[in-house]
1. When only the heavy atoms of the protein chains count and the probe is 1.4 Å, how do Asp205, Asp50 rank by accessible area, highest first?
2. Let me cross-check Lys33: its accessible surface, 1.4 Å probe, with only protein heavy atoms counted, in Å² to the nearest 10?
3. Are any of the pairs Lys203/Lys241; Lys161/Lys206; Lys8/Lys161; Lys221/Lys249 more than 32 Å apart by Cα-Cα distance, and if so, which?
4. I'd like the accessible area for Leu242, computed on protein heavy atoms only with a 1.4 Å probe and all protein chains in place. Round to 10 Å², please.
5. Using a 1.4 Å probe, what is the accessible area per residue for the chain, in Å²?
6. Placing one identical point scatterer on every Cα of the chain and ignoring solvent, what is log10 I(q)/I(0) from the Debye formula at q = 0.09, 0.13 Å⁻¹?
7. If you roll a 1.4 angstrom probe over the protein chains with everything in place, what fraction of the accessible area of the chain belongs to carbon and sulfur, to the nearest %?
8. Just how many % of Cα pairs in segment 1-102 lie over 23 Å apart, if you round to the nearest whole percent?
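The values are calculated or read from the model by the stated rules, or taken from the named source; none is laboratory data. If you're wondering where the values come from, they're calculated on a predicted model, not measured in any experiment. What goes into the accessible areas is simple: the full protein's heavy atoms, side chains included, and nothing from ligands, DNA or RNA. Shrake-Rupley method; radii C 1.70, N 1.55, O 1.52, S 1.80 Å.
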Amino acid sequence: MKIGEFAKQHISSILDHCDQTDHSEILNLLDPKYSKERFGLSFPFCKQADLIKVSESKRYWTPVYLVRGQRVRVTSQWFAWQFEKLETYLKSKNISTTPVSLLVSAPRSLEKSPGRSNSRYRGNAIGNAQNLFIRNILSNLGLESFNESDWTSTKSYFENKCAYCGILAELAIEHVIPINKEKLGEHRLGNIVPSCKACNDSKADKDFREFLGEDVATINKIEEYMDSRNYVPLERNEQMKLILNMAHKEVASLAERYITIINELFAQSANSSRAPQSEA
């Protein structure tokens, strides 16, 4: 389970605690400094719904909760390293939870693939094809078009500097939200920024907010750029994640099907060549 899902599961319990047990706690959860200290958040745990600006709406989940007369929305800006902080908070408030060790998914390297056992050193893993397939889908959604001139305008928006560190360097196209089935980034103008090689390599498959951490000013600038290009991230679209997970599995099944067909064909050919020839 990811940290966002873990946090979502406990929102009601945390806010019920504020409503029924610790009435002043909601004021703490609205305080950015308290949220930073307790959870490591760059934004308050929750914020009054009517105070959330359009430009910062993406930082908060959509549902509105009524707590002690306050209508609030809870921040969606959670990262894996905050698991322990959130669990510690829940325990300190006697809010029941499941140990993090039971919630974190097994590392990808430990996952076992069913079927064939012909593991080969430096072989072409099916995961490469699966990821490219998902990338292709996400890169072609919708009807948006942009050209080199638009890319030049994007570089100008960031003063022809790296959008992350601000240095003058050779710049490459970088997707602020990675294009994969977990982050759901797209190859749209609003999701690409200029990046130097060092930042591009360091960021890898991190979300730009995760990569930038406490650099709120740079996060704000990138979010303002995304808004200026009318880019609405898919990152919390659970239906889209479900569809892409299905597509991801189908690629592996399709490859396995054809490998089986061809292997059986080779086996039949080999058996035929070994069969004794009848005497004339």
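1. Numbers: Asp205 100, Asp50 125 Å².
So, going from the largest accessible area down, we get Asp50, Asp205.
2. 140
3. Numbers: Lys203/Lys241 22 Å; Lys161/Lys206 20 Å; Lys8/Lys161 37 Å; Lys221/Lys249 37 Å.
As for pairs spanning more than 32 Å Cα to Cα, those are Lys8/Lys161; Lys221/Lys249.
4. 110
5. Using a 1.4 Å probe on heavy atoms only, each residue of the chain averages 61 Å².
6. -0.57, -1.03
7. Values: 8860 of 17070 Å².
Carbon-and-sulfur percentage of accessible area, whole number: 52.
8. On the way: 929 of 5151 pairs.
The proportion of pairs with Cα distances above 23 Å equals 18 percent.
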